[in-house]
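The values are calculated or read from the model by the stated rules, or taken from the named source; none is laboratory data. Computed from a predicted model, the values in this text were never measured in an experiment. Here Cβ is always computed from backbone atoms with ideal geometry, including for glycine, and neighbour counts include all displayed protein chains.
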C-alpha cells in the first residue's frame, strides 16, 4: 500500500508542465504548487508585465508571452516549446475570460462572444492539437482541461462563459474516449468559485482559496481521477442530477 502511494505521488513531480494563464490567480497558484513538487513549469499569458511580475515571485518559472486567442501565436508557442522544451509532458489549459452580459441589451455582445469562445474553447483545443505530438512522445503525458461547475448548471450573468466551458467539458469527454488506448491521460478539473482577482473584488462568500483549490486538484490527480469535481462542485453535480430546476434557481440566487 505504501509503495503504491509513493508511485501515485511521483506522478505529479518530475514533469515539464505548460500552464496557460499562469501569471495570476488560480493559474499562478498552480505554477507555485507544481514548482514546489519538483516540476519544471512554463506559463504563457498575453500580458508581459504580469508574466514578469510572476517571474519575480517564482524565479524558477519559465515565461512566454502569448495571446492564445491568436492562432499564429499558438503555433509560434508550440514551435518554441518543441525546440526549447521537448520534454513537455503535461498541458494544463487554464486560461479563461468571462464577461457579464445581457443578450439583448449589450451592444458589444458579439465581440464578447468571439473573444470568449476564442480563449475558453478554441484555444485549448488548438493547443492540444499542436502539442499532442510533443506530449505523447514523453513519459506520463497528461492533458488537463480546467472547467467549472457551471457546465452542469449555468449562471445567467455569463451567457458565453457557461457555453464555452460546457463545450470544453463535452470535448474533453470525447477526447478521453478517443484516446483511451493511448498512454496519455485526459483529465478535467471542475472548479467552484475561487477567491482570485478574476472576480475584481466581487467574490462570493462560498469562494475557496486558490491554495485550497489547487491542493485538492493535485491530490485528486495523484489518485488517478479523470473528472475531478472540486469542493462544492460535487454538491452542485448531485443537485443537478436529482433536481435540476432547484439547482438552477440556487446557483442563480448567489
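Rundown of residues vs (1) out of contact with any strand residue (DSSP E or B) (no Cβ under 6 Å at 6 or more places or on another chain); (2) touching a residue at least 40 places away in the same chain (Cβ under 8 Å); (3) buried (at least 19 other Cβ atoms within 10 Å of the Cβ); (4) within 21 Å of residue 213 (Cα to Cα), yes/no style:
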residue	(1), (2), (3), (4)
151	yes, no, yes, yes
158	yes, yes, no, no
164	yes, yes, yes, no
167	yes, yes, no, no
174	yes, no, no, no
178	yes, no, no, no
183	yes, yes, no, no
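Restricting to segment 40-51, what's the tally of residues that are under 21 Å from the mean Cα position of the chain (by Cα) and either over 22 Å from residue 14 (Cβ atoms) or surrounded by fewer than 18 Cβ atoms within 10 Å (Cβ to Cβ) (or both)?
The number of residues fulfilling the criteria is 6.
Which residue pairs have Cβ atoms under 9 Å apart, sit 6 or more places apart or on different chains, and have a first residue in segment 4-19 that is part of a helix (DSSP H, G or I) and a second that is surrounded by fewer than 14 Cβ atoms within 10 Å (Cβ to Cβ) and at pLDDT 80 or above?
Filtered contacts from segment 4-19: 8/223; 8/224.
For the subset of segment 230-254 comprising residues that are in contact with a strand residue (DSSP E or B) (Cβ under 6 Å, 6 or more places away or on another chain) and more than 27 Å from residue 38 (Cβ to Cβ), which member is surrounded by the fewest Cβ atoms within 10 Å (Cβ to Cβ)?
Filtering first and then ranking leaves 237.
A quick yes/no check of all residues on (1) farther than 30 Å from residue 88 by Cα; (2) modelled with pLDDT of 95 or more; (3) in contact with a helix residue (DSSP H, G or I) (Cβ under 6 Å, 6 or more places away or on another chain):
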site: 166; (1), (2), (3): no, yes, yes
site: 180; (1), (2), (3): no, yes, no
site: 185; (1), (2), (3): no, yes, no
site: 216; (1), (2), (3): no, yes, no
site: 236; (1), (2), (3): yes, yes, yes
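Can we say residue 228 is assigned to a strand (DSSP E or B) and either in contact (Cβ under 8 Å) with a residue 24 or more places away in the chain or more than 19 Å from the chain's Cα centre (by Cα) (or both)?
For residue 228, the condition - assigned to a strand (DSSP E or B) and either in contact (Cβ under 8 Å) with a residue 24 or more places away in the chain or more than 19 Å from the chain's Cα centre (by Cα) (or both) - is met.
Residues of segment 92-112 being outside any strand (DSSP E or B) and buried (at least 18 other Cβ atoms within 10 Å of the Cβ), which ones? Before you say what the answer is, go through the steps one by one.
Within segment 92-112, the subset outside any strand (DSSP E or B) is 94-112.
Matches in segment 92-112: 94, 95, 96, 98, 101, 112.
Given the structure, is residue 143 more than 16 Å from the chain's Cα centre (by Cα) and over 30 Å from residue 252 (Cα atoms)?
Details: more than 16 Å from the chain's Cα centre (by Cα): no; over 30 Å from residue 252 (Cα atoms): yes.
The answer is no for residue 143.
Looking for something over 18 Å from residue 97 (Cβ atoms), touching a strand residue (DSSP E or B) at 6+ places or on another chain (Cβ under 7 Å) and free of Cβ contacts under 8 Å to residues at least 24 places away in the same chain - is there at least one such residue anywhere in segment 134-147?
Checked against the condition, which is being over 18 Å from residue 97 (Cβ atoms), touching a strand residue (DSSP E or B) at 6+ places or on another chain (Cβ under 7 Å) and free of Cβ contacts under 8 Å to residues at least 24 places away in the same chain, segment 134-147 yields no hits at all.
Quick check on this structure: which one of 175, 168, 150 is more than 26 Å from residue 12 (Cα to Cα) and assigned to a helix (DSSP H, G or I)?
150
Restricting to segment 219-229, give me the number of residues that are crowded, with 17+ Cβ neighbours inside 10 Å and farther than 18 Å from residue 172 by Cβ.
Of the residues in that region, 1 qualify.
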